[in-house]
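What follows is a set of notes on a single structure, which appears directly below.
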């Protein structure tokens, strides 16, 4: 190999210095983060970029090897199933070895490494290049796991040095933010339940969400059927998955069937299976979703749309855990748990004869109601940031942030489609902002066809709203309610937030967003 000329060597050294300078500047930026979730997400994006990793996982929390403490995590490049497998490795395998030894684990191919080649998880996932560093030295409070390079080959020693540097800097940053989270724990009532449950991608810290998690903690470890209710888009499917992931059936199948998406003539066959010749398209015996879910969980979404004929057979399944495939005289046994969800009022459906009363009673032993987004406005900013990061990663766009004005607009806006509508709106706004070369999403990116509304003046806050849109009327009502509560309490924020049953941070956001000012004496 020819020797580098002096000028080429100098250019290479200068380029390396620039890379190191950029790395340390990014680390300084990480130190300015004021919450653990955003710290971990940006740290993981940084490390996967600087070492050119295809997949990455970062988790932090005191007592990492136990199940009795809150955890924060971020992931990059993993599917849901792959991510679940990686998270299970916290207590065993490559990640466990890094945590227990306090040393970085590096291998060109875990499949060919005598330390790991016999492990089932390594063989099943065909794991090759891995770099895994503990965070926190001899007593790790976190782990940084990188898998597969975008180019063939192993991670280099330079890559190893970079992730060890990042891990070293993350330790004091995370310690500081963790201490702050403990101090403000009373403002995040979800923390006790996050310490007990696996809550992949479940975002929020509101009291209403904590109520749901309390019920999930109660039912998840019991082998009992559960009915999830709430408006469309509130996250019922996600909670069903949380219940499954925290149940004794977590390692078995999770099978979902949307009862509204299957024609009435096919729903029984889709659910219970069918014998050969049971209908015109049954050219051979076919297994249904019940067989697919054996040993695991069957999730029936939109169960209020289930045909009456199928409801009778479902009742038999719930009561006896037995069923007949369509057109068959053979009684089969089912080992599964049933979770159901609906956005319709089943009591009304029972009264109208559209839903069996006995099935309703059988399902609603332990119902869980998902709150609307209007009931958990404290979670809107957290959800928006999560959706923003997810959108830029999914579409491989430059990272964008949310402007303060956008956050205020999000909090006071109405979201009839709930979390689903918010997620789609943020995704579109992130694409618009990135497409225009902006580093922050502004209000115009979210509401491109609407001018920014002016705050209603105090003397008009309680005026008639004839001709106003629903959002305008809601905004005026919010302004009047918040203003009157503040005045009644002498602008005591603690007391006002207690009366309004919202977090103080959310009250401050409303005051800014609604343009409320304290009256001069």
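Annotations
So that you can scan it fast, the table gives a plain yes or no per residue for (1) touching a residue at least 40 places away in the same chain (Cβ under 8 Å); (2) surrounded by fewer than 19 Cβ atoms within 10 Å (Cβ to Cβ); (3) out of contact with any strand residue (DSSP E or B) (no Cβ under 8 Å at 6 or more places or on another chain):
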position	(1), (2), (3)
239	yes, no, no
267	yes, no, yes
271	yes, no, no
285	yes, yes, no
304	yes, no, no
320	no, yes, yes
329	no, yes, yes
336	yes, no, no
341	yes, no, no
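- Residue match in the range 103-111 (condition: surrounded by 13 or more Cβ atoms within 10 Å (Cβ to Cβ), under 28 Å from the mean Cα position of the chain (by Cα) and either farther than 30 Å from residue 378 by Cα or modelled with pLDDT under 85 (or both)): no
- Residue among 218, 209, 213, 222 that is assigned to a helix (DSSP H, G or I), at pLDDT 80 or above and surrounded by fewer than 16 Cβ atoms within 10 Å (Cβ to Cβ): 218
- Unmet criterion (only one of (1) touching a residue at least 24 places away in the same chain (Cβ under 8 Å); (2) within 19 Å of residue 299 (Cβ to Cβ); (3) surrounded by 20 or more Cβ atoms within 10 Å (Cβ to Cβ)) for residue 204: (2)
- Residue count, the range 225-237 (criterion: in contact with a strand residue (DSSP E or B) (Cβ under 7 Å, 6 or more places away or on another chain) and either buried (at least 21 other Cβ atoms within 10 Å of the Cβ) or assigned to a loop (DSSP other than H, G, I, E, B) (or both)): 6
- Of the listed requirements (1) part of a helix (DSSP H, G or I); (2) at pLDDT 90 or above, residue 411 misses just one: (2).
- Residues of the range 346-387 that turn out to be in contact (Cβ under 8 Å) with a residue 40 or more places away in the chain and in a loop (DSSP other than H, G, I, E, B), as a count: 10
- When the range 390-408 is filtered for residues that are in contact with a helix residue (DSSP H, G or I) (Cβ under 7 Å, 6 or more places away or on another chain) and more than 19 Å from residue 204 (Cβ to Cβ), the ones remaining, listed by number, are 392, 395, 397, 398, 399, 400, 405.
- Within the range 23-73, the set of residues being over 24 Å from residue 204 (Cα atoms), buried (at least 18 other Cβ atoms within 10 Å of the Cβ) and modelled with pLDDT of 75 or more comprises 46, 47, 48, 50, 51, 53, 55.
- Which numbered condition residue 465 misses (of (1) surrounded by fewer than 14 Cβ atoms within 10 Å (Cβ to Cβ); (2) modelled with pLDDT under 85): (1)
- Complete set of residues in the range 392-407 that are buried (at least 21 other Cβ atoms within 10 Å of the Cβ) and either part of a helix (DSSP H, G or I) or within 17 Å of the chain's Cα centre (by Cα) (or both): 406
- Filtered residue count, the range 414-440, keeping only those that are over 21 Å from the mean Cα position of the chain (by Cα) and either closer than 22 Å to residue 376 by Cα or outside any loop (DSSP other than H, G, I, E, B) (or both): 6
The values are calculated or read from the model by the stated rules, or taken from the named source; none is laboratory data. Nothing here was measured: the structure is a model prediction, and the numbers come from that model. In this analysis, Cβ positions are derived from the backbone assuming ideal geometry, glycine residues included, and neighbour counts consider all displayed protein chains.
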